[in-house]
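Peer 1: My structure is below; once you've seen it, I'll send some questions.
The values are calculated or read from the model by the stated rules, or taken from the named source; none is laboratory data. None of the values given here were measured: they were computed from a predicted structure. Don't worry about glycine lacking a Cβ; one is built from the backbone with ideal geometry, like all the others, and counts go over all protein chains shown. Surface accessibility is based on the protein's heavy atoms, side chains included, excluding ligands, DNA and RNA. Shrake-Rupley method; radii C 1.70, N 1.55, O 1.52, S 1.80 Å.
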Amino acid sequence: MTGHEPRREDARLLNGGARYTGDIRPDGCLHAAFARSRVASATAVSVDVAAARGLPGVVAVLTAADLDLKDIPATLGHGRPAPPAMTRPPLVRDRIRYVGEPLAVVVATDPYLAADAAALVTAAYEPAPVVATPAAAEGGPPLFPEAGSNLVLPAVTIPEGADPDLDRWPVRVAVELVSPRLAPTPMEPISFLAAPGPDGRLTIYCGHQAPHRLKRQMCDLVGLDPAAVRVVVPDVGGAFGMKAQLYPEYPVVTACAVRLGRPVAWDQTRTEQFESGTHGRGAYERVELAGTADGRIRAARIEILGDVGAYPHNGSAVPLFMRLMAQGAYDIDEVAVTTRIVVTNRAPTAPYRGAGRPEAAYGMERAVDAYAHAAGLDPAQVRLLNLVRPDQMPFRTHTGALYDGGDYAAALRMALDLAGTGEVEAWKAAGETVGLGMCVYVERSNGDPAGTEYGSVTVHPDGTVVARSGSSALGQGHESVWSRVVGDALRVPPSTVRVVQGDTDAVPAGTGSFASRSATVGGSALHNCATAVREQLRDAAAKLLGVPPGELAGELGGLSVAEVAAAVYAEGGRLFAEQEFASGAQNFPYGACVAVVAVDLDTGLVTLRRLVAVDDCGVVLDPLVVEGQLEGSLLQGVAQALFEEVVYDGEGRPLTTDLATYTLPTAPDAPGYVTGRLVTPAPSNPLGVKGAGEAGCIGAPPAIVNAVLDALRRYGVTDLRMPLTRPGCGRPFRAPVPPRCRRCSR
Amino acid sequence: MKISLIVNGTLWQGDVEPRLLLAHLLRERLRLTATRIGCDTSFCGACTVLLDGRTVKSCTVLAVQADGGSVTTAESLAGDPDDPATWHPLARAFRAHHALQCGFCTSGMLVAAAGLLAGDPDPDEDAVRHGLEGNICRCTGYGRIVDAVTGAAAEMRSAP
Amino acid sequence: MIPARFDYLRPDGVDEAVALLGPGTRVLAGGHSLIPALKLRQTTAARLVDVGRLAALRTVELDAGVLVIGAAVTYAELAAHPLVRRHCPVLARLGGRVADPQVRHRGTPAGALAHADPAGDAPAIALALGVEVAVRSAAGSRTVPAGALFTGRRETSLRAGDLVTAIRVPAHDAAWYEKFTRVSHMWAIAGACAVRGPSGVRVALANVAATPWRATGVEGALRDGATPAEAAALAADGTDPPDDVHGPAAYRRHLARVVTGRALARVTP
């Protein structure tokens, strides 16, 4: 398949036909609201719900003691156990660990009454010490006294025993960096609806990235029979990782619906999303590089400190994703990466778009620029000298990744060409405060190589096709792209292919849409099934015509799909294939990003004059869909560099609790995008595709920060913290203040 | 309090609490769910509707304030999903330019764009960007939305 | 996000509106400061008196050289009104730029003055223009100069029974509001309005103190013959800027000088 086809889902999304979870309201639906902690750390918590229970319209007000729910297990992701004491009660039992933690649920006949009642819930408690920063976590008062410390993962170095001697090299640099916490902020906050049906089954509607997993979790935590639970994912208003998580509100609302025998809906407010929806990033990193005076980087020592907030959940895996990619796109003789993960009295973290790759790329790309300047060399030349070469592919990093192909240097050269480096030099010569910065990134998609995805393809007797996928869409356009993948492999028009997704009753198994795995494993599963059914069709056509399959004239010997299908079903056969596909390998998209910025020295305002991205995500299934992913991801990267940060004060209170305090760009704040593309097919899946959704937010932040440093280096500025226009870094560059402001210094 | 308003050309009358927000009236009482709530604090623009011909954020308007007024929601821009010829030019342009992904901001974006073009049929890029500064999209990076609105404006100007 | 309960009254005239005011009652015009605060339950009201449609508050006229802007006139109407564009371009420009189009269609400058958010643009501009706020109460009519209106963070000298009916803008020769934000739709991190009039230049700043801040030091220096640049260097004197997620106090003090310099450059020949 080549070229762009108008998206099928657009027909309803543009004509009032979209249905997100919050649009679904069964008759008699009750509304849940949560009372939440206003302090970050407390013990001996006792919740008083009497006043709330007394309000008219209130059906139930329930606390942990009222609901017999299992704790949410602590995890390091991918089945790696976290300290077992760090489990999470869905409602606070005796200890509060962050502002926004749910204390009690109110269920009322109307959302207005539920909000009124939730406001009447009070809590008595003993204040406890607050671990407000990751730096304070180690050795600080433990959030989980039974765990003994706040370490989720004590310092672990890979490769085991690695201890490179950096001092033997003439050029050595060290950078200390923060990738601030970010709020994923999909435009649809979370909605969750649990609706018992007359048949005794429970249907859960939720814009979730992994419906089959959500079903298993609800059955486990609430104690439900899997046969009696169905999870439906309606239209989803963006996710970016935030909707792949197990929120404590889910089992609570589910339990309420079961207990009350009525539908119960919960619509998260935006403030709840900022306070208790998961955050991303939140990584602290020290990168040391050493090498030769002519620019060859020989050794790297990298330390990662990950803050996963109050409970180790899926976010605990992010520092490990970061570790995997810490070597970046470079061939370095010796690398050691030491990782620690801690809990703090802040909202729990989870993967957010990029999840570990932006943090890793930011560390390495800032350090490579520092290396180039220490050696007095051009940053592009240093990169070209050290990038992994095509003839080294597949390339095994010291951190265990197996890069699967590509020409990293070609991506950088193309990006620099598109950026117009000559014009930038002319601006500089004319005295403008402009800078150019770059980033070469390699990332990994399909995080769990053994992870499977379900697909099936059925050709019905009338010739219509149904494709079922365990990977359901969050806005990426699966209906359109899956119908084309299946149509192409079956040699039928995509318009005849109906795509079924996001329904655990209609799709027997599924893993989900996250970690840039949908096309890789979900698309491949459907491709393989469609290819198998095509063979079934050809065999049947040959049999009907009485010729060997290899001698069919044309696709089906002149027969239509419907004619063949009717004959097959008439004889009691069927045309069907299903598969749980695993690619068995991660794949490694890569690319380069170049930013050209102008800096207003009086105000610190950074303006993007040019933002160039060259990406190689393997075979492109739909160019406009991939371009849309790249551009949207780029703006999230721009916003990370310039605008966004989740901020807590010293008492663990969140200061960014709505869109007035957490700054998102709108149309006038967004740059134009210049993009280029390389195509190196992935060897590990039949479509040759790699992940396309993360690239922009990985490449843009280091490119922009490096560009601003390039513009300001002549003023003595050598370090900046993201977001750049934030306190201290948007400081008056001409004013007599030290280059490291108090918020920048650690 | 008893109120009456015209919604998408049809009279609606009913009794509402003074605190009921226009967005909730539209979504919960009239089941016009294309008006979506994304932020609660009049920043994101997903709840944008026209009130007496002007774009407003319906999460920050009381239903009683709209009493006697005329409200136009994204539903009024809708055509037959199966027949693009019936779609609003903005909707056709959004699809052609791939100016939407998840679609959650889209109805607010369409209403904001329609309001913009009603006042300025030929906006330049800067005017389009500032005309949409009350609407947040987290998926597209905005460039394709700007292109779509500019493209639709050209089509609407040349329409008979 | 849902407000607590309140009663709602929509009087037919100014006298009736004034009669309804009292403790626990809040005036509702566009509602774009009040409704978000009610939704976040940061403020409460027993009842709202909606004056948004009162014809007497929806006029713009020129009264002996003074521009009189009704309290229920929205930002968008301000931007489009020929009298405002001719006699007070700085307010017309604000009407086309503050926040975003939807907010401008509902929000009113008079409401912004009554809300008295020190981060707001309209209060600082009003202070620099030397506007008077026309007020009606059971006791009769009076005017309050902007300089006597703002008493604290979101606090004014208005009393529970007061209804702002209009803003009276005196004639001036030139005015400019310079606002620094990182993204287009946000409040000023710092802003400065400079107004040149018959008695010299007046300067007021947004978001550098608990109230909109009159930079008297800058004005005095200009009177004493300082250059605009020299005068702007004094802009932060006496300010007490907030230290928040949008910027630390020291940065805002610096920005105060920058935006003041830029505003002065626009109004000084």
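Peer 1: Rounded to the nearest 500 deg cm²/dmol, what is the calculated helix-only ellipticity per residue at 222 nm for chain B, with -39500 (n - 2.57) per DSSP H run of length n ≥ 4?
Peer 2: Here the helix-only value at 222 nm equals -8500 deg cm²/dmol.
Peer 1: Determine the calculated [θ] at 222 nm for chain A from helices alone, applying -39500 (n - 2.57) to every DSSP H run no shorter than 4 residues and normalising by the residue count; nearest 500 deg cm²/dmol.
Peer 2: -7500 deg cm²/dmol
Peer 1: Quick one: if you stick a label point 7 Å off each Cα along the C-beta vector at A:Leu655 and C:Arg223, how many nm between them?
Peer 2: Once both label points are built, they end up 3.8 nm from each other.
Peer 1: Assuming a ≥ b ≥ c are the square roots of the Cα gyration tensor eigenvalues, decide whether segment A:400-477 counts as rounded (a/c under 1.5), prolate (otherwise, with a/b larger than b/c) or oblate.
Peer 2: Here segment A:400-477 falls in the prolate category.
Peer 1: Now a separate question. I'd like the distance between the alpha-carbon centres of segment A:1-73 and segment A:93-155, rounded to an integer number of Å.
Peer 2: Here the answer is 19 Å between Cα centres.
Peer 1: Could you size up the charge dipole of chain C around its Cα centre, putting +1 on the beta carbon of Lys and Arg and -1 on that of Asp and Glu, and report it in debye to the nearest 20?
Peer 2: The dipole of chain C has a size of about 460 debye.
Peer 1: Apply the Karplus parameterisation 6.51 cos²θ - 1.76 cosθ + 1.60, with θ equal to phi minus 60°, to every residue of segment A:558-572 and state each ³J(HN,Hα) to the nearest whole Hz, in sequence, with x for glycine and proline.
Peer 2: Using θ = phi - 60°, the values come out as x, 7, 8, 4, 5, 5, 5, 4, 4, 5, 4, 5, 4, 8, x Hz.
Peer 1: Here is a follow-up. Taking the Cα centre as origin and putting +1 on Lys and Arg beta-carbons and -1 on Asp and Glu beta-carbons, what dipole magnitude results for chain A, to the nearest 20 debye?
Peer 2: Here the size comes out at about 860 debye.
Peer 1: A further question on this structure: May I ask you to give the percent of accessible area on chain C that is carbon plus sulfur, with a probe radius of 1.4 Å?
Peer 2: In chain C, the share of accessible area belonging to carbon and sulfur is 51 percent.
Peer 1: Taking all protein chains in place and a 1.4 Å probe, what share, in percent, of the accessible surface of chain B do carbon and sulfur account for?
Peer 2: In chain B, the share of accessible area belonging to carbon and sulfur is 51 percent.
Peer 1: Would you jot down the residues in segment B:88-120 that end up with at least 50 Å² less accessible area in the complete protein assembly than in the chain alone, with a 1.4 Å probe?
Peer 2: For segment B:88-120, once contacts with the other chains are taken into account, B:Arg95, B:His98, B:Leu100, B:Gln101, B:Cys102, B:Phe104 lose 50 Å² or more.
Peer 1: Oh, and also: At 1.4 Å probe size, with the rest of the protein present, what percent of the exposed accessible area of segment A:365-436 is carbon and sulfur atoms?
Peer 2: About 53 percent, which is the carbon plus sulfur part of the accessible surface.
Peer 1: A further question on this structure: From the protein chains alone at 1.4 Å, what is the descending order of accessible area for A:Leu559, C:Leu149, A:Leu120, largest first?
Peer 2: If we order A:Leu559, C:Leu149, A:Leu120 from most to least accessible, we get A:Leu120, A:Leu559, C:Leu149.
Peer 1: Further, regarding this structure: In debye to the nearest 20, how big a dipole does segment C:2-95 give about its Cα centre with +1 on each Lys and Arg Cβ and -1 on each Asp and Glu Cβ?
Peer 2: My answer is approximately 460 debye.
Peer 1: With a 1.4 Å probe and every protein chain left in place, work out the accessible area per residue of the protein assembly as shown in Å², rounded to a whole number.
Peer 2: 33
Peer 1: Taking 0.36 nm per residue of separation and subtracting the Cα-Cα distance, what length does fully extending A:Arg259 through A:Ala566 add?
Peer 2: Extra length available between A:Arg259 and A:Ala566 comes to 105.7 nm.
Peer 1: Which of A:Lys70/A:Lys243; A:Lys428/C:Lys179; A:Lys70/C:Lys39; A:Lys215/B:Lys57 have a Cα-Cα distance over 29 Å?
Peer 2: A:Lys70/C:Lys39; A:Lys215/B:Lys57
Peer 1: Total accessible area buried between chains C and B, 1.4 Å probe, in Å² to the nearest 100?
Peer 2: Adding both sides of the contact gives about 2600 Å².
Peer 1: Classify chain A: rounded, prolate or oblate, from the alpha-carbon gyration tensor (a ≥ b ≥ c, eigenvalue square roots; a/c under 1.5 rounded; otherwise prolate if a/b is larger than b/c)?
Peer 2: It is oblate, given that a/c is not under 1.5 and a/b is not larger than b/c.
Peer 1: Run through all the Cα pairs of segment C:174-267 and give the fraction in each 5 Å bin from 0, expressed as whole percent.
Peer 2: Per 5 Å bin, starting at 0, the Cα pair percentages come out as 3, 17, 28, 26, 15, 8, 3, 1.
Peer 1: Apply the Karplus parameterisation 6.51 cos²θ - 1.76 cosθ + 1.60, with θ equal to phi minus 60°, to every residue of segment A:91-108 and state each ³J(HN,Hα) to the nearest whole Hz, in sequence, with x for glycine and proline.
Peer 2: 10, 3, 9, 9, 9, 9, 10, 6, 5, x, 5, x, 9, 7, 10, 10, 10, 9
Peer 1: Take the alpha carbon gyration tensor of segment A:607-720, find the square roots of its eigenvalues, order them as a ≥ b ≥ c, and report rounded if a/c is under 1.5; if not, report prolate when a/b exceeds b/c, else oblate.
Peer 2: prolate
Peer 1: Quick one: order A:Met218, A:Met414 from most to least accessible surface, probe 1.4 Å.
Peer 2: The most accessible residue leads, giving A:Met414, A:Met218.
Peer 1: Let me have the relative contact order for chain C, percent, based on Cα pairs under 8 Å that are six or more residues apart.
Peer 2: Averaging sequence separation for qualifying contacts and normalising by length gives 15 percent for chain C.
Peer 1: OK, next. What residues have an amide H closer than 5 Å to that of A:His279, excluding those fewer than 5 places away on the same chain, when H is modeled at 1.01 Å from N in the peptide plane?
Peer 2: It is A:Thr349, A:Ala350, by chain and number.
Peer 1: A follow-up question, please. In whole angstrom, how far apart do the alpha carbon centroids of segment A:293-372 and segment A:166-219 sit?
Peer 2: 19
Peer 1: Roughly how much of B:Ser158 is accessible, in Å² to the nearest 10, using a 1.4 Å probe?
Peer 2: Counting only protein heavy atoms, B:Ser158 exposes about 90 Å² to solvent.
Peer 1: Could I ask something else about it? For C:Val27, what residues show an amide H to amide H distance below 5 Å, using hydrogens built from the backbone and excluding near sequence neighbours?
Peer 2: Amide H neighbours of C:Val27, under 5 Å, 5+ apart: C:Val49.
Peer 1: Taking +1 at the Cβ of each Lys and Arg and -1 at the Cβ of each Asp and Glu, which of A:Ser480, A:Leu552, C:Val195 sits farthest along the dipole of the protein assembly as shown towards its positive end, judged by Cα position relative to the Cα centre?
Peer 2: It is C:Val195.
Peer 1: Taking each pair of different alpha-carbon atoms in segment B:2-76 once, compute 1/r for the pair, average those values, and report the inverse of that mean as the Kirkwood hydrodynamic radius in Å to one decimal.
Peer 2: 11.8
Peer 1: Obtain the nm distance between the two label points defined at A:Arg714 and A:Thr122 by a simple spin-label model: each point lies 7 Å from its Cα along the Cα-to-C-beta direction.
Peer 2: 6.4
Peer 1: Further question: Could you report the buried accessible area between A and B, both sides summed, computed with a 1.4 Å probe and given in Å² to the nearest 100?
Peer 2: The summed interface area works out to 4300 Å².
Peer 1: Then there's this: On average, how much area does the Cα convex hull of segment C:57-111 cover when viewed from any direction, in nm²?
Peer 2: So the Cα hull casts an average projection of 3.2 nm².
Peer 1: A:Glu5 to A:Val674: extension gain in nm, 0.36 nm per residue of separation minus the Cα-Cα distance?
Peer 2: Going from the current span to full extension adds 238.7 nm.
Peer 1: Something else about it: May I ask you to list the aspartates and glutamates whose Cα is less than 14 Å away from that of B:Lys2, ignoring any residue fewer than eight positions away on the same chain?
Peer 2: Hits, sequence-local ones excluded: B:Asp15, B:Glu17, B:Asp67, C:Asp7.
Peer 1: While we're looking at this one, here's another question. What whole number of Å gives the distance from the Cα centroid of segment C:1-30 to the Cα centroid of segment B:18-39?
Peer 2: Between the Cα centres of segment B:18-39 and segment C:1-30 lies a distance of 23 Å.
Peer 1: Can you tell me the FRET efficiency between C:Arg159 and C:Asp240 if r is taken as the Cβ-Cβ distance and R0 is 30 Å, rounded to the nearest 0.05?
Peer 2: Here the calculated transfer efficiency is 0.70.
Peer 1: Is there a simple number for the mean count of other chain Cβ atoms within 10 Å of the Cβ of residues in C:173-183, and what is it?
Peer 2: Average per residue, whole number: 3.
Peer 1: Provide C:Arg153, C:Arg47, A:Arg383 ordered by accessible surface of protein heavy atoms (probe 1.4 Å), highest first.
Peer 2: Result, largest first: C:Arg153, C:Arg47, A:Arg383.
Peer 1: In whole Hz, with x marking every Gly and Pro, tabulate ³J(HN,Hα) for segment A:504-516 from phi via Karplus 6.51 cos²θ - 1.76 cosθ + 1.60, θ = phi - 60°.
Peer 2: These are the phi-based 3J(HN,Hα) values: 6, 7, 8, 10, x, 8, x, 9, x, 10, 6, 6, 6 Hz.
Peer 1: If you line up the Cα atoms of chain B on their principal axes, what length do they span on each, largest first, in Å?
Peer 2: Projected onto the principal axes, the Cα atoms of chain B cover 44, 33, 29 Å.
Peer 1: On average, how many beta carbons from a partner chain sit within 10 Å of the beta carbon of a residue in A:185-192?
Peer 2: So the per-residue partner count for this stretch is 5.
Peer 1: How big is the A-C contact in terms of buried accessible area, both chains counted, 1.4 Å probe, rounded to the nearest 100 Å²?
Peer 2: 2300
Peer 1: So what does the Cα-only Debye profile of segment A:1-143 read at q = 0.10, 0.12, 0.17 Å⁻¹, as log10 I(q)/I(0), no solvent term?
Peer 2: After summing over all Cα pairs, the log10 values are -0.54, -0.70, -0.99.
Peer 1: Here's another thing I want to ask about it. How much solvent-accessible surface does A:Glu303 expose, in Å² to the nearest 10, with a 1.4 Å probe and all protein chains in place?
Peer 2: So the heavy atoms of A:Glu303 present about 80 Å² to solvent.
Peer 1: For segment A:531-577, compute Rh as the Kirkwood radius over C-alpha pairs and then the Stokes-Einstein diffusion coefficient at 25 °C and 0.890 mPa s; write the answer in µm²/s, rounded to an integer.
Peer 2: 237
Peer 1: Additional query: For A:Val335, what residues show an amide H to amide H distance below 5 Å, using hydrogens built from the backbone and excluding near sequence neighbours?
Peer 2: So A:Val335 has HN proximity to A:Ala300.
Peer 1: Return the tail of the calculated pair distribution for segment A:452-582, meaning the percent of Cα-Cα pairs more than 20 Å apart.
Peer 2: Taking all Cα-Cα pairs of segment A:452-582, the fraction more than 20 Å apart is 41 percent.
Peer 1: Need one number: the % of Cα-Cα pairs in segment C:7-169 sitting beyond the 30 Å mark.
Peer 2: 8
Peer 1: When only Cα pairs under 8 Å and 6 or more residues apart are kept, what is the percent relative contact order across chain A?
Peer 2: So the answer I get is 15 percent.
Peer 1: Could you point to the residue in A:Leu664, A:Leu537, A:Gly637 farthest towards the positive end of segment A:533-671's charge dipole, with +1 and -1 charges on the Cβ of Lys/Arg and Asp/Glu respectively?
Peer 2: A:Leu537
Peer 1: Once you place label points 7 Å from the Cα toward the Cβ at A:Ala50 and A:Arg19, how far apart are they in nm?
Peer 2: 4.5
Peer 1: Where Rh is the Kirkwood radius over the Cα pairs of segment C:107-163, the temperature 10 °C and the viscosity 1.306 mPa s, what D in µm²/s does Stokes-Einstein return?
Peer 2: For the chosen part, D equals 140 µm²/s.
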